[in-house]
Amino acid sequence: MDFDFTPDQLAIRKHMREFADREIAPKAQANDRACEFDWDIAKKIFKEGFLGCPIPEEYGGLGYDYIAYGLMTEEVNRVCSSTRTLFSVQTSLVALTILKWGTEEQKRHLLPKMCTGEFIGCFGLTEPEAGSDAANQQTRAVKDGDSYLLSGQKVWISCGSIATHALVFATVDPSLGHKGITCFVVDTKTPGFSAQSIKGKLGLRASDTSSLFLDECRVPAENMLGKVGDGFKIAMSALDNGRFSVAAGAVGLVQGCIDQCSTYAMQRITMGKPIGEHQQVQAMIADMVADCEAGRLLYLRAAHLKNKGVRNTLETSIAKLFCGEAANKAAHNAVQIFGGYGYSDEYPVERYFRDAKVLNIYEGTREIQKIIIAQDALGIRYANGTKTGAPTALAGACV
Ligand code: CAA
């Protein structure tokens, strides 16, 4: 693995860092307090074309690789997890999934507008009875002439109320188990489709999270992504990219904690000296730095494999697990370093603390990542489809 970034990768990281500091950070606290998705920030993101970072130029994207995309995602999350969620959903779960599974016509119709934000996507997989058990889809797709009627309910869908298009997973025949699950691109203006925002979230308060309701929602058969029965594999492959962006975002949150704590710890005086000179504070900051560096290497390894077109479910799960845990630990310690001030939203670490929790819940819980990793190590189910094992996977990455 080449540890040097290319000029392009460094340039997009610098561009995103400056954008995040100038446009996102100053409004993050107010948006969090107001529990509002900030359309002004979103429109500026659209204008920069950031949402199309890893999408090829022929489909309207910036044509960067996954390393650049990871670095960019990290920079966004360094200041605001809610804004990063837009990238994880729009770019990773929806656009990259259409790029992989869509027909040429679907790609030409959807991707350029997704890169500019004219179309906004959401990922309709989770249901009240199908969270970790994603194969247990209850939403039904009934063929009716040259279209399908979709009926069911989705829950915890990021961007659900702002989306123009939803990837909806539904079963054509529950008796087929995961082999009956089929994926449709649904225009959210279709009669029978509605969304309702979920209020009172612990974190990600400036991002939309919704329930979706489908009541005999008529979708043309040509809006199917892949073939009948491909839906589960489509969802899992989408999550390989979604979890990657969550891992990169989590590293950004750790970096945000380091930045906040290093400034504060050298200003705050106790017992006659800056708290940064007290060893117990140094120990917490050292843990953050070590976790940040380790997490960054893990998501970059996954990015490297993605760039090579190599299956990376295992490496992505490891990155998502480690980085999500690191973010929670870092945010916990950041509040500790800030003491009483960390307990109020006067400083961003309180928001980071609340925003960190979802990193080991959504896009596959911490426990699901552990199942994927442990079953691979035990030879019960190989995460990448065939036996790789951690040593081989590492060797594969070090070329
Ligand atoms: N890529 C392609 N195919 C894959 C795959 C992948 N990453 N992972 C599995 N598959 C294929 C398998 O090869 C298998 O194919 P065959 O039928 O041909 O053999 C098929 O899918 C079924 O695989 P499994 O038997 O391994 O599936 P399972 O039912 O045992 O589930 C699981 C495995 C890992 C537990 C999976 O259910 C899972 O990841 N659950 C968590 C779901 C999740 O992350 N939900 C979050 C939703 S998104 C969200 O959070 C909302 C939002 O808006 C952000």
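Selection of segment 30-56 for residues being more than 19 Å from Ala163 (Cβ to Cβ) and either of a type in the set (Asp, Glu) or outside the structural domain of Glu74 (by TED's automatic domain parsing) (or both) yields Asp32, Glu48. If you go through segment 337-348 and keep only what is surrounded by 16 or more Cβ atoms within 10 Å (Cβ to Cβ) and either within 12 Å of the ligand (Cβ to nearest atom) or more than 24 Å from the chain's Cα centre (by Cα) (or both), you end up with Ile337, Phe338, Gly342, Tyr347. Within segment 356-399, restricting attention to residues that are at pLDDT below 80 and more than 24 Å from the chain's Cα centre (by Cα), the residue that is nearest to Leu297 (Cα to Cα) is Cys398. Out of the residues in segment 349-378 that are assigned to a loop (DSSP other than H, G, I, E, B) and under 16 Å from Glu315 (Cα atoms), which is farthest from the ligand (Cβ to nearest atom)? My answer is Thr365.
Picking from Leu150, Leu167, Leu212, which residue would you name as being within 18 Å of Ala134 (Cβ to Cβ) and more than 21 Å from the chain's Cα centre (by Cα)? Walk me through how you get there before you give the answer.
Working: Leu167 fails: more than 21 Å from the chain's Cα centre (by Cα); Leu212 fails: more than 21 Å from the chain's Cα centre (by Cα).
Just one listed residue meets the conditions, Leu150.
Checked against (1) in a strand (DSSP E or B); (2) within 13 Å of the ligand (Cβ to nearest atom); (3) over 21 Å from Glu118 (Cα atoms), Phe213 passes all but condition (2).
Answer yes or no: is there a residue in segment 270-289 that is surrounded by 14 or more Cβ atoms within 10 Å (Cβ to Cβ), in the same structural domain as Ala356 (by TED's automatic domain parsing) and hydroxyl-bearing (Ser, Thr, Tyr).
No, segment 270-289 contains no residue that is surrounded by 14 or more Cβ atoms within 10 Å (Cβ to Cβ), in the same structural domain as Ala356 (by TED's automatic domain parsing) and hydroxyl-bearing (Ser, Thr, Tyr).
Report whether or not Pro26 is under 22 Å from Cys261 (Cα atoms), outside the structural domain of Gly242 (by TED's automatic domain parsing), surrounded by fewer than 17 Cβ atoms within 10 Å (Cβ to Cβ) and without any contact (Cβ under 8 Å) to a residue 60 or more places away in the chain. When the stated conditions are applied, Pro26 passes them.
When you look at Leu253, is it of a type outside the set (D, E, K, R), more than 12 Å from the ligand (Cβ to nearest atom) and under 18 Å from the mean Cα position of the chain (by Cα), yes or no? Before the answer, list the steps.
On the way: of a type outside the set (D, E, K, R): yes; more than 12 Å from the ligand (Cβ to nearest atom): yes; under 18 Å from the mean Cα position of the chain (by Cα): yes.
In short, yes.
In segment 95-144, what residues are in a strand (DSSP E or B), β-branched (Val, Ile, Thr) and within 16 Å of the ligand (Cβ to nearest atom)? Answer for segment 95-144, where residues must be in a strand (DSSP E or B), β-branched (Val, Ile, Thr) and within 16 Å of the ligand (Cβ to nearest atom): there is none.
The values are calculated or read from the model by the stated rules, or taken from the named source; none is laboratory data. Keep in mind that this is a model prediction, so the values were computed, not measured. Don't worry about glycine lacking a Cβ; one is built from the backbone with ideal geometry, like all the others, and counts go over all protein chains shown.
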